[in-house]
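This report concerns only the one structure given below.
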Amino acid sequence: TATSSRVVQFGKEETGHEDNPARGLDAILKMSLEEYERHYASLNSESGCESVSGRSSASGAFSGEEERLHYIPIRVLGKGSFGEATLYRRTEDNSLVVWKEIDLNCLSDKKRRDVMNEISILSILQHNNIIAYFNHFMDKNTLLIELEYCNGGNLYDKINQQKGELFKEEVKTLLSHQDIKTLNIFLTKTNLIKLGDYGLAKKLGSEYSMAESCVGTPYYMSPELCQGVKYNFKSDIWAMGCVLFELLTLTRTFDATNPLNLCVKIVQGNWTMEINSDVYTSDLIKLVYECLDQDPEKRPTAEQILEQPVISRVRAELEERVAALNSAIKKPKLSTVTETPVAVVTTRSREVYFWGGGKFTPQKLDMFKGGSSAQHVCAGETHFAVVTVEKELYTWSVQGGAKMVGQLGHGDQASYRQPRRVERLQGKAIRQVSCGADFTACVTDEDQMYMFGSDYYGCVGVENELGMEVLEPVLLDFFQERPVRQVSCGDNHVVALTRSGDIYSWGCGEHGRLGLDCEDDFSSPMQVEVPKGAIIDSVYCGSDCTFFLTEFGKVLACGSNELNKLGLNLGITGIKNHPGEGIPYTTTLTLVKQLSRFKIQFIAPGKTHTAAIDERGRLMTFGCNKFGQLGVKDFKKHQGVQILVGPFGGKFVTKVSCGDGFTIAATEDNQIFAWGNAGNGRLGMPADKGFGSEVCPALPRPIFGSLHHVPDLSCRGWHTILIMEKVLNSKTIRSNSSGLSIASGKISLLLLLLLLLLFFIHACVRSSVILV
């Protein structure tokens, strides 16, 4: 993304009350941006809102400890009259935020005040259905406002996507604004509605205060605005009526070829069509027309709307649903008075590469860039999956021509050679994906789980009710009331960790890989008994085994311990030998004692060996070493856990993944290493580079000539997929701008009128939109 980098210091300044907060217009016009900001702080203090700003000295000395917050530009979302809106990813928690970037040199004094008015209003709003304000700061003459990102578009686009199909009636809710229009009503992928863009909003002292400037969008302007007379909050009621009308008819309330004719139609009440009474209830239609009354005095107030039985009886339920949806959204923390964070913005290039299965050199996937850049990758035996930074899922097959069994989730059995978005999951914010041999599991921001692909072993988890091949994603109802934190897939089994810390497993039970004290197969989730006192933090499935990592870094395991890939050795109590095969296994969660002296942070099970990383970034391996995949310079059997020094001496290992006889690892100093079986391109190097099909390096060797940071990495079978990132530029800019903290206290209905009620609607359950 070609977005310039900046690093900004958020200063904190204490100001006293102005002697005369109600300054005259001439005085306000002469204010600098900083003075105007302080002026608003004093006004907020007068009105009972706690607002504290701060100052950093001109010399750049800052009080308190610096906190660095790192931001990476993703893509430009749009441009408006004030400037640009750009999507950023904050690396500390991978949350997405929007920066409104405003060039103050291009603005008049009035427009500067409009911008500061937006900050002033946003800074005192704390509501689940309002775009959250996080901070604002300066980079030379550019003002940047950091806001919450809504990844589901806006209501205007949602209406257009209906293509004439009317929404079904459902009671919903909304908040007030002075430029209410469908373009200012934003949606998340979880269909939570949020109101934004307060650039020209007015702060009226009471419900009956009058404003005289003509603000708003022509299609939603009230008759009093068209006539140039004073207006109050009843203009918001009118605008809300227009939005409701548009939702119910899919057309503008008033339309014309030019502004003059539009105003005439608005003043005359000549709307475009009547609302269909065969589809919508009389109570709903009556409410819309009451909101569109030509006389402002006859329009209902917010309180009157809320008191209507159709609203009051469902209001509590709606607010609870909205709060639950909002809590699932990962948000950056708000700025506080005592912190002085430095915002570091770094422009980076992020690319996805894959290799193996006959491809000896890494293959670059050009489509994952900008808003579609990859955040998480996963390899399966037959397919790849990628979750983008904007939480969309893409899948494709590793080889063309092979018949798929639904693991791509595209609704057919075609073998797609190029990444393709899983359209059936549109509107769902995908947080994580995991691939089995021929099926896929994914988890949403709402902690729901979707499965698709082969259900031969019951891995889809729906009791085989949908047949052996599930071609598109299906929601697992079992987890509707058991929010999922993480999922991991083996070749033919699945293990899920819930928010409450419970473990569930299903699929093939051979060798006890499900941890259910048996070898039975299960086609629906079964709860796993965890040893008393153990709190599981994450789960990792191998091809026929499972690891469980506790919050204190201890490791439990179950399933096949063939060649000691569980690290249990043969003499440990509870290990059994499989009849006729001689394969040692355990059916219950067993402590891996050889790892007990380490605080393990990550486990990477392969087909016949395993790698682990501890809290000090040390890499250790155990299991089969036939191809040198343990990375200890030889091909001998090793019973114990091997700590890799050699090339990793003094290095901090950040990522590791194991495939069929090979290992790939990445370090903090941006190097990538590969070792083990190089056959069929497993190590990503051609034969003429010494990594041919006959060569098995037993010592980790660096691959890729230049240095790359690896945000994510996944190996399975013969294949590897990873994300590579390069820093293009980064610099530090310290600003002397004043900060404005989030005001505490409740929003006054007199300051920002709470309108509730939007009878919106969904064409199906998946497209429902929730507002409060």
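Computed values, structure above
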item	result
Residue in the range 409-464 that is nearest to ASN151 (Cα to Cα), counting only those that are of a type in the set (Lys, Arg) and not in a strand (DSSP E or B)	LYS428
Members of the range 181-204 found to be within 22 Å of ILE119 (Cβ to Cβ) and modelled with pLDDT of 70 or more, listed by number	LEU183, ASN184, ILE185, PHE186, LYS194, LEU195, GLY196
Only one of VAL279, VAL310, VAL314 that is more than 30 Å from LYS391 (Cβ to Cβ) and modelled with pLDDT under 80	VAL310
Count of the range 272-298 residues which are closer than 20 Å to LYS234 by Cβ and not in a helix (DSSP H, G or I)	4
Some residue of the range 517-527 being under 22 Å from GLU551 (Cβ atoms), of a type in the set (S, T, N, Q) and crowded, with 22+ Cβ neighbours inside 10 Å	no
LEU244 vs. criteria surrounded by fewer than 22 Cβ atoms within 10 Å (Cβ to Cβ) and part of a helix (DSSP H, G or I)	no
Qualifying positions in the range 535-561 - surrounded by 19 or more Cβ atoms within 10 Å (Cβ to Cβ) and either of a type in the set (Gly, Ala, Ser) or in contact with a helix residue (DSSP H, G or I) (Cβ under 6 Å, 6 or more places away or on another chain) (or both)	GLY542, SER543, ASP544, VAL555, ALA557, CYS558, GLY559, SER560
Meets criteria (in contact (Cβ under 8 Å) with a residue 12 or more places away in the chain and either within 21 Å of GLY78 (Cβ to Cβ) or crowded, with 19+ Cβ neighbours inside 10 Å (or both)) for ASP114	yes
Subset of the range 515-530 (residues that are on the phi < 0 side of the Ramachandran plot, in contact (Cβ under 8 Å) with a residue 60 or more places away in the chain and not polar (S, T, N, Q))	LEU516, CYS518, GLU519, ASP521, PHE522, PRO525, VAL528, GLU529
GLU469 over 24 Å from the mean Cα position of the chain (by Cα) and at negative phi	yes
Top-ranked residue in the range 641-655 [being touching a Phe, Trp or Tyr at 6+ places or on another chain (Cβ under 7 Å) and outside any helix (DSSP H, G or I); ranked as surrounded by the most Cβ atoms within 10 Å (Cβ to Cβ)]	VAL641
Conditions (1) over 22 Å from SER434 (Cβ atoms); (2) modelled with pLDDT of 90 or more; number of the one not met by GLY571	(2)
In the range 612-637, residue farthest from LEU568 (Cα to Cα) [restricted to those that are in a strand (DSSP E or B) and of a type in the set (Val, Ile, Thr)]	ILE613
Output for the range 223-264, where each listed residue is in contact with an Asp or Glu (Cβ under 9 Å, 6 or more places away or on another chain), touching a residue at least 24 places away in the same chain (Cβ under 8 Å), among the charged types (D, E, K, R) and over 15 Å from ASP293 (Cα atoms)	ARG252
LEU144 vs. criteria outside any loop (DSSP other than H, G, I, E, B), touching a residue at least 40 places away in the same chain (Cβ under 8 Å) and touching an Asp or Glu at 6+ places or on another chain (Cβ under 6 Å)	yes
Residues of the range 317-341 satisfying the condition of being of a type in the set (S, T, N, Q), at pLDDT 65 or above and either surrounded by 12 or more Cβ atoms within 10 Å (Cβ to Cβ) or under 20 Å from ILE124 (Cβ atoms) (or both)	ASN326
Checking VAL386 against (1) within 15 Å of the chain's Cα centre (by Cα); (2) of a type in the set (A, V, I, L, M); (3) not in a strand (DSSP E or B), the condition it does not meet	(3)
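Residues checked against (1) without any contact (Cβ under 8 Å) to a residue 40 or more places away in the chain; (2) farther than 20 Å from PHE704 by Cβ; (3) among the aromatic types (Phe, Trp, Tyr):
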residue	(1), (2), (3)
PHE354	no, no, yes
PHE368	no, no, yes
SER372	yes, yes, no
ALA379	no, no, no
VAL387	no, yes, no
TYR394	yes, yes, yes
VAL398	no, yes, no
GLY406	no, yes, no
ALA414	yes, yes, no
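For every residue, the table says whether it meets (1) closer than 16 Å to ILE600 by Cβ; (2) at pLDDT 95 or above.
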| position | (1), (2) |
| --- | --- |
| GLY631 | no, yes |
| LYS636 | no, no |
| GLY640 | yes, no |
| GLY646 | no, no |
| PHE652 | yes, yes |
| VAL656 | yes, yes |
| ASP660 | no, yes |
| THR663 | no, yes |
| ASP669 | no, no |
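The values are calculated or read from the model by the stated rules, or taken from the named source; none is laboratory data. Bear in mind the structure is a predicted one, so any value in this text is a computation, not a measurement. Please note: Cβ atoms are built from the backbone with ideal geometry, for glycine as well, and neighbour counts cover all protein chains shown.
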